[in-house]
Every structure is written in structure tokens, then in C-alpha cells.
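Just below is one structure, and these are the notes that go with it.
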């Protein structure tokens, strides 16, 4: 089978990215971050316009906040070694850790960021997704049905005006800061996004992108240019809870900024 190492392209302009690929295929293999990397905030990035402030930051297990540039991954790891990233969605109050359990993909549906039993759960990825964010589509799950649940305010993106004015979210890693442009927000079918297609192949990625642009959903908000996406892009899907009508609310972002230049992967054709 032919394979090809691909470099990510931004939604509007090509990005020169390198670093994850096969050498860093093991989840969670990150180099030591510099102080500047760990504390860099979206508002402080050179040449980038200010982003909207969140309604209210949820804070972190040790008082961290991406908005304030206070993310200490060493301290977070001591608190809970399953924390591997930090998600910041301006305008929603989503400013909190992302976790991955090495034991069960169901664990953080019923446990909080400190690892304690809690029906509200915590934002998490499943083990098939690498923790270096180099997959074609990284699915971050979070409950969104009740006001106290982590992803409840994702529904701000149902408002077309909010969708137009809040076009970016950020993922912090110990050695990187990633910027994603919001591509779409809608009620998706309730099937398992992570396993719908084989995202290691060009065809699998292409099939998903075709599905994404063609899906019909009442209240769907989607950016122009979605039809220009290719399997060489990198997506993050913020995924809410399954509902009684067999749908789940999703907000999908496309990678447009890679501060450390570490994001790439091998794709099979």
C-alpha cells in the first residue's frame, strides 16, 4: 500500500508544518515546553487580532486559564496524569483540560478532571486518537445537555451571529499552541464519528469531508470554503452527548496555526 507523508495546509493559506508523523506516533510523546510556550495566550500571539473574551472561564483544577496564560502542565500532570491538553473556546467559558484515560474510553463520561466520580464528566478523547493532535480528525467528547456540563455552551454556536463573530478556538499542549478556525456547527447523526471511516487513508478522509459538506441539518452553520478541504487538513471535532432523537451537537474546527511546527502525519493512498 502506498503511503505519503503529508504536511498540513490551513483553510485559507498553506502552512509549513512538521514533526509528529511516525516518529511521534505514540500518544502523548511531547518534548519539554518552554515557559513562553506554556503561557502563550491567543490574545498575545504576534500578528493576530484579539479574540472575543469568554463569558466566564471555567478555570482549571489548579486555577489555570488559557485566557490568562496560566497553564502549568507539570502541576496538572501531578494532579491527574491523564491531562494531556487544554481547550479554550472564546465566548463559551470552555477553558479546561482535555484528558485521555489509558484504561477505558468511557471513563471520563462519569469522572471529572480530577478523576473523581462525577456524572457531568470531563472533556476527553478516546485511545484511538493520538494525544499529539496529528490525527486527521481528533474527537473531543464532552456532555452538553445540562448547564453544568462541560460542553453546554457549545450551543452558543447555534446562533448565526455568534458563529460569525467567534471563529477560532485553541488547543494548548505542553510544547505547542494550536489554532483552529471554526468550520461548522450542527446536529450530526448519532453514529460514532471516530469510526465512521478509516481516517488513515486518503479515501476515508475524503469520504468524511464529502459527508460533512453535504449533510443537511436544521440550523447548520458552516463557513464558506468547506468544499476546498482535503485529506491533508487536520480537524478537531468538539462532540456533545447523544440525544433521544439520535443526534449529537458538534463544532468542527480546521487547523490554521501550529506555533511549534509539529503537526504532520502519514496518509495511505
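The values are calculated or read from the model by the stated rules, or taken from the named source; none is laboratory data. Predicted model, so just to flag it, every value in this text is computed and none were measured. All Cβ positions, even for glycine, are placed from backbone atoms using ideal geometry, and neighbour counts span all protein chains on display.
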Going through the stretch 182-214 one residue at a time, which ones are in contact with a strand residue (DSSP E or B) (Cβ under 7 Å, 6 or more places away or on another chain) and over 15 Å from residue 136 (Cα atoms)? 182, 184, 185, 186, 187, 188, 189, 190
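Taking the condition at pLDDT 95 or above and over 15 Å from residue 98 (Cβ atoms), does residue 154 pass? Show your work before the answer.
Working: at pLDDT 95 or above: yes; over 15 Å from residue 98 (Cβ atoms): no.
No.
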When the residues of the stretch 71-117 are narrowed to those that are surrounded by fewer than 16 Cβ atoms within 10 Å (Cβ to Cβ) and touching a strand residue (DSSP E or B) at 6+ places or on another chain (Cβ under 8 Å), which ends up nearest to residue 145 (Cα to Cα)? 110
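Tally up the residues in the stretch 109-127 that are free of Cβ contacts under 8 Å to residues at least 12 places away in the same chain and in a loop (DSSP other than H, G, I, E, B), please.
As a first pass, look at the stretch 109-127 and keep what is free of Cβ contacts under 8 Å to residues at least 12 places away in the same chain: 110-112, 116-119.
Subsequent filtering for residues that are in a loop (DSSP other than H, G, I, E, B) retains 110, 112, 116, 118-119.
The number of residues fulfilling the criteria is 5.
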